[in-house]
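The values are calculated or read from the model by the stated rules, or taken from the named source; none is laboratory data. Just so it is clear, the model here is predicted, and its values are computed rather than measured. Please note: Cβ atoms are built from the backbone with ideal geometry, for glycine as well, and neighbour counts cover all protein chains shown. Quick note on the areas: whole protein, heavy atoms, side chains included, nothing else; ligands and nucleic acids left out. Shrake-Rupley method; radii C 1.70, N 1.55, O 1.52, S 1.80 Å.
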Amino acid sequence: NDHKVALFVGHISPRKGLKHLVRAMPAVLDAIGNVKFVVIGPDRGEEAALMKLAARLGTSDSLIFTGHLNHGTVMDAYPTADVFVLPSEYEAFGIVLLEAMAAGRPVIASRVGGTMDIIQNGQTGLLVDEKDPGQLAQAIIHLLRDREAAEKLGERAREYAIGKYSWDTIV
């Protein structure tokens, strides 16, 4: 209720770059305060290491792993997020980006692979350098501090995702 939410959806594996998100957490928490980092998705062997890293950084109370959730529950989760984050080291396309965008959420993603085809930096989302927790933290802080900018980014993201990637358009 009184927390901001940074949401990630996807497999919990090294290529998803979650260690960079965990490393960004201290700066975000220092700047914003009450932020919960919610990770939705099945563990592919990295969750324990991420929790250990968060504990070492003193941020484990702000990191929540839900495990695998059904598609309907995941779709319900997007609108509850203040920002959606995809810090991948590799991303072929990024369906989760489009889902978050279609829900009107401001998105932040690493400048890799398919994310660069989906996000127009500064217009439909924010792109950050991969493996750069400092840049990731600054983007999260910016969107959590500037609600007006976040809302505009989310609105443009929604229009873009629905306009370019709706089933009617694709068909």
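A count restricted to the range 116-138 and to residues that are assigned to a helix (DSSP H, G or I), free of Cβ contacts under 8 Å to residues at least 60 places away in the same chain and buried (at least 23 other Cβ atoms within 10 Å of the Cβ) stands at 1. Residues in the range 11-34 that are within 24 Å of Met75 (Cβ to Cβ) and surrounded by 21 or more Cβ atoms within 10 Å (Cβ to Cβ): Ile12, Lys16, Gly17, Leu18, Leu21. Checking each residue in the range 4-22 for being in a helix (DSSP H, G or I) and over 14 Å from the mean Cα position of the chain (by Cα) picks out Pro14, Arg15. Cβ separations smaller than 7 Å between residues 6+ apart or across chains give the following pairs from the range 17-45 residues that are under 14 Å from Leu57 (Cα atoms) and of a type in the set (D, E, K, R) to residues that are open to solvent by less than 10 Å² (accessible area, probe 1.4 Å) and in a helix (DSSP H, G or I): Lys19/Leu50.
Among the residues of the range 120-149, those identified as in contact with a helix residue (DSSP H, G or I) (Cβ under 8 Å, 6 or more places away or on another chain) and farther than 24 Å from Tyr90 by Cβ are Ile141, His142, Leu144, Arg145, Ala149.
All conditions in (1) more than 20 Å from Ile12 (Cβ to Cβ); (2) surrounded by fewer than 16 Cβ atoms within 10 Å (Cβ to Cβ) hold for Arg158, with the sole exception of (2).
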